[in-house]
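Participant: Sharing a structure here in structure tokens format.
Values in this text are rule-based calculations from the coordinates and carry no lab data. Given the structure is predicted, the values throughout are model-derived calculations rather than measurements. Heads up, the Cβs are rebuilt from the backbone with ideal geometry, glycines too, and the neighbour counts pull from every protein chain shown.
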Amino acid sequence: LTYKVPDEHVFKGVKLHDGMLHEGSEEADIYDNLELTVDDCIVASYPKSGTTWTQEIVWLLHHGADTDKAKETTLTERFSFIEMIQQIRKVPEMLPPKLIKTHVPYSSLPRNYLNNSTTRPKVVYIARNPKDTAVSYFHFYRANRAYGLYKGSWSDFFEMFINEYTVYGCWFKHVVSWHNFAKMEPNILFLKYEDMKKKPTEQIHKIATFLGKDIDKEEVLKLTEHTKFESMKSNKAVNYSSSERIDASVSPFMRKGQIGDWKNYFTVAQNERFMMMYEEKLKGTDLTFEFE
Ligand code: A3P
């Protein structure tokens, strides 16, 4: 059982879904001509890698660590998810700093970003080990109306993931390409979910330093507490519980938030196949992931 992205939903080589950008549309034009400044910020990732978590941290670092204010409005309102038709429209009117969310590969970023290296905003990229990413994506497909509340089994989804049928396509190409650009461009910070999970205060400090934000020890601890999984799970401003797209009774957006849940899904045979692919695709890179 597969959900294959129809051809008309391929935008700049990226597989998208209903409600997202189309080639040649007015919104695609807004996307390509997006004017951002060095004071704005982009959070980028392959889906299910810890994007929401990173967004909350990035927002707070841009807003004086004001956790009360963060709770007043949803992340959907505080960021613009630029592949979404409804959300790209609001970017020109957003007040600075404009905070942007995207899941596109580097080479599919807005033309204006790629062509103007002097005005590029900083990018915080978050990657997660692909086995946990796949499991998280499986549950997201099941609970997401945009994917027709996917009814396939885990093994169906596993085949979709490794065959690049999923929305946003190949995990390997996405992460390897962003990682390569991050090594060349100082305005990209490449983070890993597993580091955030194991050393949250250190990682929050790292993001603050990268963004050039002064933050004292107490504030870092406050952000660590505010952005830990349990806090985010019960925080309506970030947990997508009010999202019409997600049927939380199938699977809540804030599902498990753990490293190693893949062990509850991957069969021995799937793991062997996956790890062969992993070794092959990451060969020649210095990219490594922790799986537990
Ligand atoms: P699980 O489905 O494994 O629980 P994204 O925001 O990129 O869509 O990623 C969603 C995944 O990140 C979900 O993974 C979600 O539970 C997890 N997540 C969100 N906030 C988190 C946090 N503060 N700590 C750990 N995991 C978090």
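Participant: Taking the inverse of the average 1/r across all pairs of different Cα atoms in region 5-68, what Kirkwood radius in Å do you get? Write down the numbers at each step before the final one.
Facilitator: Details: mean 1/r = 0.0698 Å⁻¹.
Here the Kirkwood hydrodynamic radius works out to 14.3 Å.
Participant: Something else about it: Relative contact order (percent) for region 139-191, with alpha-carbon contacts under 8 angstrom and 6 or more residues of separation?
Facilitator: 14
Participant: Let me ask you something else. Zone of Asn271 (label point 7 Å along Cα→Cβ, backbone N under 13 Å): which residues in region 128-158?
Facilitator: Zone members listed by number: 131-132.
Participant: Right, next: Sum up the charges of everything whose Cβ sits under 14 Å from the Cβ of Ser117, counting Lys and Arg as +1 and Asp and Glu as -1, but leave Ser117 out.
Facilitator: Values: positive: Arg111, Arg120, Lys122; negative: Glu185.
That sum, taken over residues with Cβ under 14 Å, equals +2.
Participant: To the nearest Å, what is the center-to-center distance of region 122-180 and region 9-87, using C-alpha atoms only?
Facilitator: The two parts, judged by their Cα centres, are 18 Å apart.
Participant: Can you compute the FRET efficiency between Phe229 and Glu77 using 1/(1 + (r/R0)^6), with r the Cβ-Cβ distance and R0 = 22 Å? Round to the nearest 0.05.
Facilitator: So the FRET efficiency works out to roughly 0.50.
Participant: Would you work out the charge dipole size for region 185-282 about its Cα centre, treating the Cβ of every Lys and Arg as +1 and the Cβ of every Asp and Glu as -1, and quote it to the nearest 20 debye?
Facilitator: My answer is approximately 240 debye.
Participant: OK, next. Kirkwood Rh, Cα Rg: Rg to Rh for region 7-282?
Facilitator: Computed over Cα atoms, the ratio is 0.94.
Participant: What is the sum of charges, Lys and Arg at +1 and Asp and Glu at -1, for the other residues whose Cβ falls under 11 Å from the Cβ of Glu23?
Facilitator: It works out to a net charge of -4.
Participant: Between Asp247 and Lys283, 0.36 nm times their residue separation minus their Cα-Cα distance comes to what?
Facilitator: Taking 0.36 nm per residue and subtracting the Cα distance, the gain is 9.1 nm.
Participant: Using +1 at the C-beta of Lys and Arg and -1 at the C-beta of Asp and Glu, which of Val220, Ile204, Ala237 has the Cα lying farthest in the positive direction of the dipole of region 197-237?
Facilitator: Ala237
Participant: Let me ask something else about it. Take every Cα pair under 8 Å in the chain that's 6+ residues apart, average their separations, divide by the length, and report that relative contact order as a whole percent.
Facilitator: Contact order relative to length: 24 percent.
Participant: Place a +1 charge on the Cβ of each Lys and Arg in region 7-282 and a -1 charge on the Cβ of each Asp and Glu, then give the dipole magnitude about the Cα centre in debye, rounded to the nearest 20. Intermediate values should be presented prior to the final figure.
Facilitator: Working: 37 positive and 38 negative charges, 152 e Å.
Charge dipole of region 7-282: 720 debye, to the nearest 20.
Participant: Here's another thing I want to ask about it. Checking understanding here: applying a Kyte-Doolittle mean of at least -0.5 and a length along the axis of at least 18 Å (C-alpha), which whole DSSP H helices in the chain pass?
Facilitator: Taking the DSSP H segments of the chain (at least 18 Å long, mean hydropathy at least -0.5), we get 171-184.
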